[in-house]
Structure formats: C-alpha cells, structure tokens
Amino acid sequence: MEYIELGSSGVRASRITFGSWAAGGWMWGGTEQNDAVGAIRASFELGVTSIDTAPIYGQGLSEEIVGEAIKTLPRDQVQILTKFGMRWDEQKGDFGFKSKNNQGQDIDVYKYAAPQSIIRECEDSLRRLGTDYIDLYQIHWPDKTTPIQDTMEAVQRLIEQGKVRAAGVSNYSVEQMREAEQVVNLASNQVPYSMVRRDIEQDVVPYCLEHNKAILAYSPMQLGLLTGKIKPGQHFEASDLRATHPLFKPEFVTHVNAFLDKIRPMAESKDATLGQLVLRWTLAQPGISVALVGARNAEQAVQNARAIHVQLSPQEVDFISQQLAQL
Ligand SMILES: NC(=O)c1ccc[n+]([C@@H]2O[C@H](COP(=O)([O-])OP(=O)(O)OC[C@H]3O[C@@H](n4cnc5c(N)ncnc54)[C@H](OP(=O)(O)O)[C@@H]3O)[C@@H](O)[C@H]2O)c1
C-alpha cells in the first residue's frame, strides 16, 4: 500500500481508503447483500488502514459497523475519518432532502453544523465507533445557516480536547476552505472525483496543490459505473440512488462502456480489472491524495485494495486520458 500525510496534520492515510457508505445500506438498496465487517478487515490485511464513514450513512449503522470491524485491529494503526453536519434526528439548519431510512420510514435530512450540534455529534460518533478519538473530522456538506467560523471553532475545541486529530471539510468550495482556514488548519477536502466527474480540476485541485491540502476523491468508480459491469437500462432497487442517477441513464452507460472497451486491453495486459485501472489512473492525477472506494463485500474490497499494485507509466496515463477526452 502507499500512504500519504493529509496536509500537514500528521495523520497518514492509505491512498486506497475504504468508503463505508454502501456498507450502511442507506441509499444503496439496504444491507442484505453486504458483508461490511469482512470487507473492512480484508482491506486492512492488504494495508487499507483508513476508513471513511459518516453518521448519516445508515443513520448511525455505518459507524457502528466500522466500530465492530476495528474492535480486533490495533487502534493506532487504523485511521478513522468520519463526518458531522448532516442530521436526520433534529430538524434544524439548512434543509437538504427527504429520504427513507433502511426500515423504509421517511426522514428529513438537514445540513446543520452549529457548535453545540457538533459537540453532541462527536460524542455520538465516538460511542458508535467504540473509540476515544477520531483521526479526521470532516464537515459533510456546507451549512448555510451557520457561519463557517463558528463551525470551525467547535472543531478546533475538539482538537484541543484530544477527541479529534485533524480537521477536514467535504464538498467545500475554495472560498469556503479559505474561510475555514482562518480558524483551523485544514488537512483535506473530500470531494467527488472520477473519470467522468472532473470539475474540481478547475479550482479545488490548484488550491489544494498550492496550499498543501489533501484531496480525498469520493466515488472514484462513479458508484460502480466505471467497473464496466453496469449494462444500459440495468435495474436497481428504488431505494438504490443509481435507480434515478443521471449518470446511469442508458445512453451515458453505453458511452462509458464504449470508452471502457478501449482501455480493456491495457487492463488485461496488466492482469488487472477495469476498476483497478480506473483507480490507478485516478490516483495518478495531480493533487489526488486518496481514492475513497466503497465496497459491499470482501471480494470487492480486496480487488480495490490491489489496485495499488497496478503500475501505469506516464504514457499509459496519457493514453487513458486521451480516450477519455473522446467520451
Ligand atoms: N462526502 C460525501 O458527500 C460523499 C459522497 C459520496 C461518497 N463518499 C465517500 O466515498 C466512498 C466511495 O464512494 P461510493 O461508495 O459512492 O462510490 P464508488 O466507490 O465509486 O462505488 C462503490 C460501489 O461500486 C461497487 N463496487 C465497488 N468495488 C467493486 C468491485 N471491485 N467490482 C465491482 N463493483 C464494485 C459496489 O456497489 P455494487 O456492488 O452495488 O455495484 C460499491 O458499493 C463512500 O463510501 C463514502 O465513504 C462521500
């Protein structure tokens, strides 16, 4: 595995980090098909020491699963990256969207990052995770109703209390990062980035490169689309976000699969899967520190972790980028 320091925080993360959103089932069609504990432990065996989670993933369930998985692992060799600021249990702040929990009940999701809320959320996360500190604590989405300064002061207090090692943000713009940095030293920004979603290259990437901030690229396989296994018109459960996702429309899936067919021979020549090639390309892009990859079971997790062993020359990276430009 390769490891990288998140900004200047002293927290070292594995460049392939386990993303445990799907593990919590919510918005991913439930948990029936999941073996999340097995997936996390199998990943750790291959050097994936960092795990990303959030309270909103399964409304606490994902954090509990992570807590269960790390029980038998040495705590100082695991990095827990979790989040705050998305509440389903309090109707305060900036209304986000309506959803259903894993039991099919309606929930309202709010973006809320007021100081008292963060302090409470941190205690809840520590309990669910079964630990006394969080390695990276990230605001999940900006909350328009709370000044960024107030939010970051609360995070700074948690750092001083030893409950949090480093502060991170997620889905923040450059302007919002600048504002946060007036109060706290940010380690990272967690943002969407994949071969078919590259808008951060315009602003977040140059800013992070210049200011030594890590970028944690989320959904690098675009929710599984870039593994090549998705067929045009494929059926997803109504509770799976891919059922209505614009990038899963049949025409786009057809285009993506045509692109993947062009790079398939390269994957085969390296004895790699398409997903592994995609992850390696992602990690080769400027400023991308970590790929946050979701997996439902140990088999997927092991395959994703092994992507780190795929070697790509600069010419091969360019070849893939050229094919991508024609998508
Ligand atoms: N901060 C944020 O707002 C935010 C937003 C999104 C994600 N994230 C983080 O980023 C992580 C990763 O993103 P993601 O889970 O959305 O998307 P992803 O990593 O692009 O895709 C994960 C999904 O792809 C499929 N998959 C994974 N490995 C596979 C393999 N080897 N072979 C075939 N299929 C495979 C699995 O679903 P199926 O088996 O069902 O196909 C899996 O759930 C999340 O878990 C979360 O930690 C953060």
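The values are calculated or read from the model by the stated rules, or taken from the named source; none is laboratory data. Source: prediction; values computed, not measured. Because the Cβ atoms are built from the backbone with ideal geometry, glycine has one as well, and the counts that use them run over all protein chains shown.
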Unique residue being over 23 Å from the mean Cα position of the chain (by Cα) and among the β-branched types (Val, Ile, Thr) when the list is Thr254, Thr227: Thr254
Considering only strands (runs of 3 or more DSSP E) wholly within segment 46-147, the ones with at least 1 residues that are acidic (Asp, Glu) are 50-52, 94-100, 106-111, 134-139
Taking segment 169-184 as the region of interest, how many residues are surrounded by 15 or more Cβ atoms within 10 Å (Cβ to Cβ) and either basic (Lys, Arg) or in contact with a helix residue (DSSP H, G or I) (Cβ under 9 Å, 6 or more places away or on another chain) (or both)? 11
Among the residues of segment 167-183, write down those that are outside any loop (DSSP other than H, G, I, E, B) and either at pLDDT below 95 or within 16 Å of the ligand (Cβ to nearest atom) (or both). Ala167, Gly168, Val169, Ser170, Gln176, Met177, Ala180
Given the conditions (1) touching a Phe, Trp or Tyr at 6+ places or on another chain (Cβ under 9 Å); (2) buried (at least 21 other Cβ atoms within 10 Å of the Cβ); (3) under 24 Å from Leu327 (Cβ atoms), every one holds for His245 apart from (2)
Scanning segment 205-217 residue by residue, the ones that are within 13 Å of the ligand (Cβ to nearest atom) and not small (Gly, Ala, Ser) total 2
Residues to consider are Val317, Val310, Val290; find the one that is touching a Lys or Arg at 6+ places or on another chain (Cβ under 9 Å), surrounded by fewer than 16 Cβ atoms within 10 Å (Cβ to Cβ) and closer than 21 Å to Ala217 by Cβ. Val317
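Among the helices (runs of 4 or more DSSP H) contained in segment 218-327, which hold 1 or more residues that are within 12 Å of the ligand (Cβ to nearest atom) and in contact (Cβ under 8 Å) with a residue 24 or more places away in the chain?
Correct list: 274-283, 298-305.
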List pairs: first in segment 38-59 and under 15 Å from Gln300 (Cβ atoms) and more than 15 Å from the ligand (Cβ to nearest atom), second assigned to a loop (DSSP other than H, G, I, E, B) and at pLDDT below 95, Cβ under 8 Å, 6+ apart or cross-chain? Arg41/Thr72
Whichever residue in segment 189-203 is buried (at least 21 other Cβ atoms within 10 Å of the Cβ) and among the β-branched types (Val, Ile, Thr) and, among such residues, is farthest from the ligand (Cβ to nearest atom): Ile200
